[in-house]
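Remarks on the structure that follows.
The values are calculated or read from the model by the stated rules, or taken from the named source; none is laboratory data. Quick caveat: nothing in here was measured; it's all calculated off a predicted structure. We place every Cβ from the backbone using ideal geometry, glycine too, and count neighbours over all the protein chains shown.
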Amino acid sequence: MRPVVFALLLALPAADPPAPTHDGKTLAAWVDQLTDAKPEVRLTAVEEIGAIGPDAKSAIAPLLLVLKRDPADVVRTAAAESLGKMGPAAESAARALAAALKEDKSELVHGQAVLALGKIGKASTPYLLEMLDDSSPQVRRDAAAALGQVGPDAKEAVKPLIPLLKDSDEGVRIAAFDALGKIGPDAADALPQLSVFLRDPQYRNEAAAAMVGLGKVSVPTFIAGVGDMDVALRRLSAFALGRIGPDAKAGVPALIEAMKDMDIALRRTASESLGKIGSNAAAAADVLLDALKKDEDPVVRTNAAMDLGLLGLAAGKIVGPLTDAMADKDSEVRRRAAEGLGGVGPAAKSALPALKDALTDKDPIVRDAVRDALKKIEPPKP
């Protein structure tokens, strides 16, 4: 009998999954409220549907009607946002959301549609590509911004985005820079055009940010920039190498040279970037040790103190200099030196006398850092 019973159980239809609910109402009940005469009721319904997320995909069609027809800007805006909260599950809404960028008169709707298209992802790309050569600057701008939100999945947009770097509209240009950076390494074909803008004071920051998004492929250009005659370009390039991080290892020699520059702002930027490159910047240990001891600028000394704990150096290399820095006249340098010694841990025992003396430092933030360091170097016995 048991096999028969088991077979009968298998033959029974599977139970339907429970209907999605939120705040005590089913999805169907919230959908019914989308046609209510009161805008505040419709708004609540749209927001509650969005809160359900991808499980509310059966409500996509009603939400699209709201997006297209509701007279209240705030309700249409919420509809776009709720569609975005469904993510890729709302790919069937991509065409209508893209159309809203062109047809809807509300900037609020445009903003949420851009975000929603980004969250839907790759399915949005074909509709957005069609809009990059639209006659309206606003449409071109929003389409480029949405492609940036899509990110790496919009790599086929790289070629049509490049001409927009020279668009007649400033907003379109900025959106194109941003989109190429967010697409990331797959936008490497844009590097030659982006590099040109490093010499344009109006757009050099946007170009550098986009190139950082491209990653390692931009490092040689920034290395050249650190050695340029234009001081603003030197500073920007040094900063960008730090933003790229460990992949900018090849830029460490250029940053080491920048640490010797007369320009204080460049030394500050170079010292910060070396720390962001981390253990790949170990070759900068000597120049950072020298800066910690001798640089006239307290920000450079502070950065050097922080960097030494980030380069993966042996304790014997950094404990002595960090201990000496506990006597620095600048409180922020003393604080960072204490933190660095704490990061070394028990291997920094030779620093204990200096740290204990610093328990009476006039700066309470330094005293707090010292107490934390002492606990790490000489942990309390259980």
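Pairs linking a residue in segment 201-224 that is in contact (Cβ under 8 Å) with a residue 12 or more places away in the chain and basic (Lys, Arg) to a residue that is surrounded by 17 or more Cβ atoms within 10 Å (Cβ to Cβ) and assigned to a helix (DSSP H, G or I), with Cβ atoms under 8 Å and 6 or more positions apart or on different chains, are Arg204/Phe197; Arg204/Leu198; Arg204/Leu233; Arg204/Leu236; Lys216/Ile244; Lys216/Ala248. Applying the set (1) of a type outside the set (Phe, Trp, Tyr); (2) buried (at least 20 other Cβ atoms within 10 Å of the Cβ); (3) in contact with a Gly (Cβ under 9 Å, 6 or more places away or on another chain); (4) more than 19 Å from Ala238 (Cβ to Cβ) to Ala337 leaves exactly one unmet item: (3).
Screening Pro20 against (1) within 19 Å of Leu83 (Cβ to Cβ); (2) modelled with pLDDT of 95 or more; (3) not small (Gly, Ala, Ser) leaves a single unmet condition, (2). Identify all residues within segment 320-368 that are among the hydroxyl-bearing types (Ser, Thr, Tyr) and closer than 20 Å to Asp295 by Cα; write none if there are none. Result: Thr323, Ser331. Taking the criterion of being farther than 18 Å from Val319 by Cα and touching a Ser or Thr at 6+ places or on another chain (Cβ under 9 Å), the residues of segment 359-382 that qualify are Asp361, Lys362, Asp363, Ile365, Arg367.
Note on segment 49-72: residues that are part of a helix (DSSP H, G or I) and out of contact with any Leu (no Cβ under 9 Å at 6 or more places or on another chain) amount to 7.
If you filter segment 82-130 down to residues that are among the hydroxyl-bearing types (Ser, Thr, Tyr), in a helix (DSSP H, G or I) and buried (at least 16 other Cβ atoms within 10 Å of the Cβ), you find that the one that is farthest from the chain's Cα centre (by Cα) is Tyr127. Total residues in segment 318-371 satisfying the condition of being free of Cβ contacts under 8 Å to residues at least 12 places away in the same chain and either within 34 Å of the chain's Cα centre (by Cα) or within 26 Å of Ala283 (Cα to Cα) (or both): the figure is 3.
For first residues located in segment 172-194 and in contact (Cβ under 8 Å) with a residue 60 or more places away in the chain, partners that are assigned to a helix (DSSP H, G or I) and surrounded by fewer than 17 Cβ atoms within 10 Å (Cβ to Cβ) and lie 6+ apart or on another chain with Cβ distances below 6 Å do not occur. Identification of helices (runs of 4 or more DSSP H) wholly contained in segment 186-291 with 1 or more residues that are among the polar types (S, T, N, Q) and within 27 Å of Lys155 (Cα to Cα) yields 191-196, 204-214, 219-226, 231-244. All of (1) exposed (fewer than 15 other Cβ atoms within 10 Å of the Cβ); (2) under 32 Å from the mean Cα position of the chain (by Cα); (3) touching a residue at least 24 places away in the same chain (Cβ under 8 Å) hold for Val300 with one exception: (1). Screening segment 303-317 for residues that are in contact with a Gly (Cβ under 6 Å, 6 or more places away or on another chain) and not aliphatic (A, V, I, L, M) and picking the one that is surrounded by the most Cβ atoms within 10 Å (Cβ to Cβ) gives Asp307. Of all residues in segment 274-300, those satisfying the criterion of being of a type outside the set (Gly, Ala, Ser) and over 15 Å from Lys260 (Cβ atoms) are Lys276, Ile277, Asn280, Pro298, Val299. Within segment 97-135, the residues that satisfy the criterion of being touching a Phe, Trp or Tyr at 6+ places or on another chain (Cβ under 9 Å) and over 18 Å from Pro160 (Cβ atoms) are Leu97, Ala99.
Scanning segment 357-369 for residues that are assigned to a helix (DSSP H, G or I) and more than 12 Å from Thr323 (Cβ to Cβ) yields Leu359, Thr360, Pro364, Ile365, Val366, Arg367, Asp368, Ala369. Residue count for segment 26-47, restricted to those that are over 19 Å from Asp73 (Cβ atoms) and either in contact (Cβ under 8 Å) with a residue 60 or more places away in the chain or among the acidic types (Asp, Glu) (or both): 1. Could you list, in sequence order, the residues of segment 222-247 that are surrounded by fewer than 20 Cβ atoms within 10 Å (Cβ to Cβ), more than 22 Å from the chain's Cα centre (by Cα) and not charged (D, E, K, R)? Ile223, Ala224, Gly227, Met229, Val231, Ala232 - these are the residues of segment 222-247 that are surrounded by fewer than 20 Cβ atoms within 10 Å (Cβ to Cβ), more than 22 Å from the chain's Cα centre (by Cα) and not charged (D, E, K, R).
For segment 294-320, a tally of residues being over 21 Å from Asp363 (Cα atoms), part of a helix (DSSP H, G or I) and not aliphatic (A, V, I, L, M) returns 5.
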